[in-house]
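The values are calculated or read from the model by the stated rules, or taken from the named source; none is laboratory data. Here the structure is a predicted model, which is why all the values come from computation and not from measurement. Here the Cβ positions follow ideal geometry from the backbone for every residue, glycine too, while neighbour counts run over all protein chains shown. Remember, those area values only see protein heavy atoms, side chains included, never the ligands or the DNA or RNA. Shrake-Rupley method; radii C 1.70, N 1.55, O 1.52, S 1.80 Å.
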Amino acid sequence: SQTYTDFELILVDYGSPDCCPEICDAYAKNDSRVRVIHQKNAGTQSAVIAGVEASRGEYIGFADSDDWLEPEMYEVLMGLMQEYRLDCAFCNFREISEQTGKSFAADFGIAEGLYDEHNICDFYAHLLPTLTDTRFVKLVRWNKVFKRDKIYQCIVQAERSIVYGEDKVVVFPALLNCSRVYFVNRILYNYRRGHTSITGGGYYESYFRDQWKALKIFDDYRNSVGNVAIDSAAFMWCMTVIRHILDSHNSYFRKRKYLLHIFRDSEMQKLLTRIKSIPKAKWLQRWYRIL
């Protein structure tokens with residue numbers, strides 16, 4: 001239903017157990033712009049890589065299968081890409097909670113407009129959350145259009161084993177590759193957030209493990225954004241794991257078990273040492289002693 005029609009749509013079916021593969025094939029049969037790739041389930045990152053490698057366009061955008069786009073989204077973003085000769089254009093989005101039904105718009109902490117050689121540093125400064133400002137440019141793929149050469153290598157060389165946070169290890173270096181970016185503060189993408197308060201501990205452990213995998217990749221960019229920015233982002237992402245645990249329906253003793261697992265992690269201990277001068281970090285250290 002996009003008002004912008006000059007695109008190819010690549011649908012990647014990676015082991016869907018329902019009738020989605022047949023639905024995809026039916027669309028491809030009826031619309032020459034649609035191509036379908038069927039492959040075994042090797043994770044989301046592998047599916048994205050397969051789609052990007054098969055793509056032929058000068059620009060690349062993404063959409064998750066359980067979300068929906070406003071009809072004018074790509075017309076707006078592609079118009080900006082061509083008018084301003086951009087490396088990336090991105091829009092605001094609405095997040096909808098499947099658990100509560102509530103929705104809200106994202107807040108990136110930046111003004112709408114063009115970021116180029118005159119002010120691109122202001123944009124880079126908002127790529128990561130900080131301890132004083134949690135507003136930042138969300139490191140997701142689906143509300144953005146990239147010029148192909150700015151993101152292609154970041155995609156095909158991405159770490160495939162990361163399940164939670166696979167977007168950030170691609171989008172962060174890709175945005176640092178960009179020198180002309182435009183943000184349009186219109187809600188053109190609708191992101192559906194599922195219920196993540198899983199009873200078992202597998203989710204928390206996997207999420208926490210993947211955060212450290214991502215942060216090791218981010219270490220390569222300390223010279224670009226600074227040590228404080230990387231460590232602050234690490235701290236905030238660890239806090240996200242802790243929030244999920246506290247919001248879960250687990251017993252006090254199980255929550256305590258999961259929290260101790262996080263606080264006793266050697267990388268977490270190193271991080272708390274590096275940011276020990278920050279009041280919030282001191283609070284966490286006291287909390288760990290109480291636990």
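Of everything in segment 245-269, what is open to solvent by less than 20 Å² (accessible area, probe 1.4 Å) and not hydrophobic (A, V, I, L, M, F, W, C)? Give them in sequence order.
Of all residues in segment 245-269, those open to solvent by less than 20 Å² (accessible area, probe 1.4 Å) come to 245, 248, 250, 258-260, 262-263, 268.
Matches in segment 245-269: 248, 250, 258.
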State all residues of segment 73-92 that are over 17 Å from residue 117 (Cα atoms) and in contact with a helix residue (DSSP H, G or I) (Cβ under 9 Å, 6 or more places away or on another chain); if no residue qualifies, say none.
-> 90, 91
The number of residues in segment 38-64 that are open to solvent by less than 60 Å² (accessible area, probe 1.4 Å) and part of a helix (DSSP H, G or I) is 10
Please tell me if residue 150 is basic (Lys, Arg), in contact with a helix residue (DSSP H, G or I) (Cβ under 9 Å, 6 or more places away or on another chain) and under 30 Å from residue 258 (Cα atoms).
-> no
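So, residue 65, is that one in contact with a strand residue (DSSP E or B) (Cβ under 8 Å, 6 or more places away or on another chain) and small (Gly, Ala, Ser) or not? Lay out the reasoning, then the answer.
Numbers: in contact with a strand residue (DSSP E or B) (Cβ under 8 Å, 6 or more places away or on another chain): no; small (Gly, Ala, Ser): yes.
It is false that residue 65 is in contact with a strand residue (DSSP E or B) (Cβ under 8 Å, 6 or more places away or on another chain) and small (Gly, Ala, Ser).
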Residue pairs qualifying under the 6 Å Cβ cut-off, at least six apart or on distinct chains, with the first in segment 12-35 being modelled with pLDDT under 95 and the second being surrounded by 13 or more Cβ atoms within 10 Å (Cβ to Cβ) and of a type in the set (Lys, Arg), are none
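Tell me the residue from 230, 217 that is under 20 Å from residue 135 (Cβ atoms) and out of contact with any His (no Cβ under 6 Å at 6 or more places or on another chain), please. So that I can check it myself, show each step before the final result.
Details: 217 fails: under 20 Å from residue 135 (Cβ atoms).
Going through 230, 217 in turn, just one is under 20 Å from residue 135 (Cβ atoms) and out of contact with any His (no Cβ under 6 Å at 6 or more places or on another chain): 230.
How many residues does segment 16-37 contain that are closer than 17 Å to residue 66 by Cβ, surrounded by 12 or more Cβ atoms within 10 Å (Cβ to Cβ) and not hydroxyl-bearing (Ser, Thr, Tyr)?
Selection size over segment 16-37: 4.
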Answer yes or no as to whether residue 191 is open to solvent by less than 70 Å² (accessible area, probe 1.4 Å), at pLDDT below 85 and aromatic (Phe, Trp, Tyr).
-> no
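Residues 233, 229: which one is open to solvent by 20 Å² or more (accessible area, probe 1.4 Å), part of a helix (DSSP H, G or I) and in contact (Cβ under 8 Å) with a residue 12 or more places away in the chain?
Working: 233 fails: open to solvent by 20 Å² or more (accessible area, probe 1.4 Å).
Testing whether each residue is open to solvent by 20 Å² or more (accessible area, probe 1.4 Å), part of a helix (DSSP H, G or I) and in contact (Cβ under 8 Å) with a residue 12 or more places away in the chain leaves just 229.
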